Amino acid sequence: QLQACGGGLVQAGDSLRLSCAASGRTFGSRSMGWFRQSPDKEREFVAGVVWKGGSTFYEDSVKGRFTISRDNARKMVYLRMNSLKPEDTAVYYCAATAPVRPGGRGESDYDYWGQGTLVTVSS
């Protein structure tokens, strides 16, 4: 199971950190990702972190502003969001792959999803 939290209402330029708590004993062998969906768009990839080596990758519009990280001991994955813009407004979802999968930028690369947390950025 995945439980995302940390969303809220912020102003443009503010920062926010999303957290996602995972349960189970194989968290360390799962790649993790964050996706988001705004009312007028399909769900889109935001950031991912690979289980082996911890390499990270981002959607172009968030590069340099967002940082994904993980704490395997706590079974947590985070998304630090800086310099937020109104267009970042969306419901943010964390996702996990099956064990020892690299993840990717598509929804089909992930097998488990959290319930989403709403981020609203006002101008």
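The values are calculated or read from the model by the stated rules, or taken from the named source; none is laboratory data. Only a predicted model underlies this, so the values are computations on that prediction, with no experimental measurement involved. Please note: Cβ atoms are built from the backbone with ideal geometry, for glycine as well, and neighbour counts cover all protein chains shown. The area values use the complete protein model at the heavy-atom level, side chains included, leaving out ligands, DNA and RNA. Shrake-Rupley method; radii C 1.70, N 1.55, O 1.52, S 1.80 Å.
Residue under question is A21, and the condition is that it be small (G, A, S), within 25 Å of V100 (Cβ to Cβ) and touching a residue at least 40 places away in the same chain (Cβ under 8 Å); does it hold? Don't jump to the end; show me each part of the working.
Values: small (G, A, S): yes; within 25 Å of V100 (Cβ to Cβ): yes; touching a residue at least 40 places away in the same chain (Cβ under 8 Å): yes.
Considered against the rule, which asks whether it is small (G, A, S), within 25 Å of V100 (Cβ to Cβ) and touching a residue at least 40 places away in the same chain (Cβ under 8 Å), A21 comes out as yes.
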Residue tally, condition among the hydrophobic types (A, V, I, L, M, F, W, C), open to solvent by less than 50 Å² (accessible area, probe 1.4 Å) and farther than 14 Å from D88 by Cα, over the range 1-37: 7
Filter the range 74-103 down to the residues that are among the β-branched types (V, I, T) and within 16 Å of G8 (Cβ to Cβ) and list them by number. T89, V91
Residue identified as of a type outside the set (F, W, Y), buried (at least 22 other Cβ atoms within 10 Å of the Cβ) and within 20 Å of R25 (Cα to Cα) among A96, A47: A96
Condition test on T117, is it surrounded by 17 or more Cβ atoms within 10 Å (Cβ to Cβ), touching a residue at least 40 places away in the same chain (Cβ under 8 Å) and within 11 Å of the chain's Cα centre (by Cα)? yes
Looking at (1) part of a loop (DSSP other than H, G, I, E, B); (2) surrounded by fewer than 17 Cβ atoms within 10 Å (Cβ to Cβ), which one does E87 not meet, given that it meets all the others? (1)
Taking the range 36-61 and keeping only residues that are in a strand (DSSP E or B) and not small (G, A, S), one is left with R36, Q37, E44, F45, V46, V49, T56, F57, Y58
Given the conditions (1) in a strand (DSSP E or B); (2) in contact (Cβ under 8 Å) with a residue 40 or more places away in the chain; (3) open to solvent by less than 70 Å² (accessible area, probe 1.4 Å), and given that S69 satisfies all but one, which numbered condition is not satisfied? (2)
